[in-house]
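Here is the structure we will look at, set down as structure tokens.
No lab work stands behind these numbers, since they all come straight from the coordinates. From a predicted model like this one, the values you see are computed outputs, not experimental measurements. Here the Cβ is made from the backbone with ideal geometry for all residues, glycine too, and neighbour counts use every protein chain on show.
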Amino acid sequence: MSAHPPFLDPDTLSELAAPLRGELLSPATPGYDEARKVWNGMIDRRPALIARCRGVADVVDALAIAREHELPVCVRGGGHNVAGSAVSDGGMTIDLSRMRGVRVDRAESTVRVEGGATWADVDRETQLFGLAAPGGVVSTTGVAGLTLGGGYGHLRSKYGLASDNVRSMEVVTADGQVRTANAAQNPDLFWALRGGGGHFGVVTSFEFELKEVGPEVMGLGVIYPLEDAPDILREVRAFMDDPAEDITFDAVGWSVPDVEAFPPELRGRPIMLLGGMYVGSAEDGDEALAPLRNLAEPLLDISARQPFVGLQSGFDPFFPEGLRYYWKSIYLDGLPDDAIDTMVDHMDRRPSPRTIIPLRPRNGVINQIDASVTAFPERSSPFLLSIDSTWEDPAEDEVNIRWTQEFWEAMAPFASNRMYFNFAMGEEGEDVLRATFGDNYDRLAEVKSTYDPDGLFGGRSAGVAGAE
Ligand SMILES: Cc1cc2nc3c(=O)[nH]c(=O)nc-3n(C[C@H](O)[C@H](O)[C@H](O)COP(=O)(O)OP(=O)(O)OC[C@H]3O[C@@H](n4cnc5c(N)ncnc54)[C@H](O)[C@@H]3O)c2cc1C
């Protein structure tokens, strides 16, 4: 693309923008620099155009502009993808951040959610009625990207991934058609969008099935010293021998954050946090979670009955927008002693105390669903490890990135080359993509060629969230 493509001429631009209810931003428009920012402060990309849509018709018109001017399209839901896949240099971003409507249907126990909503938007409306859609664990994350890539949250053990709970979607495909994707209409597209990523069209709204949750739940938050991590991780392994379906938790290598909520003497101390919830009544949760609160002598136990919306936003302060983030993930085939030693050794040597290393037991419903039912491929691994490197100073980029890569490579002997692409930098090779999607890979490529034959939505052939 030339430095000044003809459509950036002010007269042409205002002609293109005229039908939109939202705005069409170019590099010359005030507010452009704010609009191109995403959550990860490492990402600095300059789209040629940003279409801030205010409705489905705006999305249709924006796609027509992209087609006419041959601009590859990215979609922005919540803007949280760590690889910054909502923005590309020289392309068009279809920004749905003005489309955050949420409407609960109590009779049907469903919720209709627009494509730019966050999980905070959803929880706020659904919890009015003691209902919830399984989502993520940080309330500022976008519903769209998280769901399209799979979606792990506090309700996963009992109800599965966010994508397992989608009943229907409204999608604008590359040809500008507004389609319904569900079990009866465009079932191949519906299949692909549940776990295959966002490169098949713009999802303007999702319909989720709702579950009865809260408003009060029993949350788990036990802080053990990192020195006890080897024993605790062995207990986590034992938990998976006969796992309860109504307990969801992560074992997280971390350091006590330097915030007022924690006693000054503990701040900065390396820890293993067991965080999660009981997916059932708060009363039953007290007893059910007790064993996980006594695996060693805790430094602090903040487990408590609390509002579900509080639990859902409890981690928000530790993932501020604009810091430097480099994340990788890997599905483990098991947790032998060697894997535990490797993990603890790397946890000990984190270059940044902000870095969070959650090990997610995948107990319950997730692994009971056949891998061919949706595009989400991973239905057997007992654990998902993610290495969420987080730091502030650009001068520390290299040391943090190198440590993350080394840690990830050191875990390879305990895994089968599969990763969760919602925790990935988009730099993974074709072999990881194929290994992860397995038998679903070719079917995804077929759906991609049906609905986006010219590759308007960028992405790799199989269309994977997080991949560029
Ligand atoms: C702080 C934080 C906490 C997180 N917690 C969790 C968690 O608990 N569980 C979990 O599973 N993941 C979690 N994630 C990962 C998260 O699932 C991904 O980052 C996801 O991509 C975020 O979605 P988004 O809509 O905010 O991202 P965006 O950057 O807006 O979008 C990511 C990609 O999704 C696609 N996309 C977005 N919106 C649409 C749309 N409407 N239609 C079509 N395609 C679209 C596009 O391909 C885009 O490139 C977390 C991430 C962060 C940063």
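Normalised by the residues of the chain, what does the relative contact order come to in percent, with Cα pairs under 8 Å and at least six apart?
The normalised contact order for the chain reaches 17 percent.
So which GluC sites (Glu not before Pro) in the range 253-321 are both in a DSSP loop and have at most 14 other Cβ atoms within 10 Å of their Cβ?
When the GluC sites (Glu not before Pro) of the range 253-321 are filtered for loop state and at most 14 Cβ neighbours within 10 Å, Glu260, Glu321 remain.
Using DSSP, restrict attention to beta bridges with both residues in the chain and report what percent are antiparallel, rounded to the nearest 5.
Numbers: 66 of 74 bridges.
Rounded to the nearest five, the antiparallel share is 90 percent.
Which percent of Cα pairs goes in each bin when the distances of the range 102-213 are cut into 10 angstrom slices starting at zero?
Histogram of Cα-Cα distances, whole percents per bin: 16, 52, 28, 4.
Between 0 and 90 degrees, rounded to the nearest ten: what's the tilt of helix 397-410 against the longest Cα principal axis of the chain?
70
So if each residue of separation counts as 0.36 nm, and I subtract the Cα-Cα distance between Glu398 and Glu235, what length gain in nm does that give? Intermediate results must be reported in sequence, preceding the final value.
Details: separation 163, 0.36 × 163 = 58.68 nm, distance 3.46 nm.
That pair, Glu398 and Glu235, stretches by 55.2 nm at full extension.
Around Lys37, with a cut-off of 13 angstrom between Cβ atoms, what is the net charge of the other residues, counting Lys and Arg +1 and Asp and Glu -1?
On the way: positive: Arg36, Arg45, Arg46, Arg76; negative: Asp33, Glu34, Asp44, Asp95, Glu321.
After counting each charged neighbour, the total is -1.
In the range 1-53, which chymotrypsin sites (Phe, Trp or Tyr not before Pro) fall in coil by DSSP and have 15 or fewer other Cβ atoms within 10 Å? Before the final figure, lay out each step's value.
Values: sites: Phe7, Tyr32, Trp39; in loops: Trp39.
Listed in order of number, the matching sites amount to none.
Karplus couplings for the range 266-273 from phi (6.51 cos²θ - 1.76 cosθ + 1.60, θ = phi - 60°), rounded to Hz, Gly and Pro as x?
3J(HN,Hα) across the range 266-273, in whole Hz: 9, 4, x, 6, x, 9, 10, 9.
At R0 = 22 Å, how high is the FRET efficiency between Asp431 and Glu406 if r is their beta carbon distance? Nearest 0.05 is fine.
0.70
When the Cα atoms of the chain are enclosed in a convex hull and the volume is divided per residue, what value in Å³ results? Before the final figure, lay out the partial values.
Numbers: hull volume 64.7 nm³, N = 468.
Cα-based convex hull of the chain, divided per residue, equals 138 Å³.
Using DSSP, restrict attention to beta bridges with both residues in the range 6-95 and report what percent are antiparallel, rounded to the nearest 5.
Values: 3 of 11 bridges.
Bridges in the range 6-95 are about 25 percent antiparallel.
Taking 0.36 nm per residue of separation and subtracting the Cα-Cα distance, what length does fully extending Thr29 through Asp188 add?
53.3 nm
How large is ³J(HN,Hα) for each residue in the range 144-156, as worked out from phi by the Karplus curve 6.51 cos²θ - 1.76 cosθ + 1.60 (θ = phi - 60°), to whole Hz, x for Gly and Pro?
Coupling constants for the range 144-156: 5, x, 4, 6, 5, x, x, x, 9, x, 5, 9, 5 Hz.
Amide H of Leu299 versus every other amide H placed in the peptide plane: which residues, excluding those fewer than 5 positions away on the same chain, fall under 5 Å?
Amide H neighbours of Leu299: Ile223, Tyr224.
Taking Rh as the Kirkwood radius, which is the inverse of the mean 1/r over Cα pairs, what is the Rg/Rh value for the range 6-95?
Radius of gyration over Kirkwood radius for the range 6-95 works out to 0.94.
For the chain, what is the mean residue ellipticity at 222 nm derived from helices alone (per DSSP H run of n ≥ 4: -39500 (n - 2.57); sum divided by total residues; nearest 500 deg cm²/dmol)?
Value at 222 nm, helices only: -7500 deg cm²/dmol.
Among the GluC sites (Glu not before Pro) within the range 380-421, which fall in a DSSP loop and have no more than 16 other Cβ atoms within 10 Å of their own Cβ?
Qualifying residues, ordered by number: Glu392.
Can you give the angle from 0 to 90° between the axis of helix 337-348 and the longest principal axis of the chain, with both taken from C-alpha atoms, to the nearest 10?
For helix 337-348, the angle is close to 70 degrees.
Report the relative contact order of the range 216-427, percent, no decimals, based on alpha-carbon pairs under 8 angstrom and at least 6 residues apart.
On the way: 382 pairs, mean separation 58.2, N = 212.
Once normalised by length, the contact order is 27 percent.
Any idea what angle helix 229-239 forms with the longest principal axis of the chain, computed on alpha-carbon atoms, 0 to 90 degrees, nearest 10?
Around 80 degrees separate the two axes.
Consider all pairwise Cα distances in the range 122-180 and report the whole-number % of them above 19 Å.
36
With viscosity set to 1.306 mPa s and temperature to 10 °C, compute the Stokes-Einstein D of the range 23-73, Rh being the Kirkwood radius across alpha carbon pairs; µm²/s, no decimals. Please list the in-between numbers first.
Working: Rh = 11.9 Å.
Reported coefficient: 134 µm²/s.
Applying a 10 Å radius around every beta-carbon, put 311-320, 44-53 in order of their mean neighbour count, most first.
So the peptides 311-320, 44-53, ranked by packing, come out 44-53, 311-320.
Once the piece of chain linking Asp345 and Ser14 is laid out straight, how much longer is it, given 0.36 nm per residue of separation minus the C-alpha distance between them? Can you show the working numbers first?
Details: separation 331, 0.36 × 331 = 119.16 nm, distance 5.73 nm.
Once the chain is fully extended between Asp345 and Ser14, it gains 113.4 nm.
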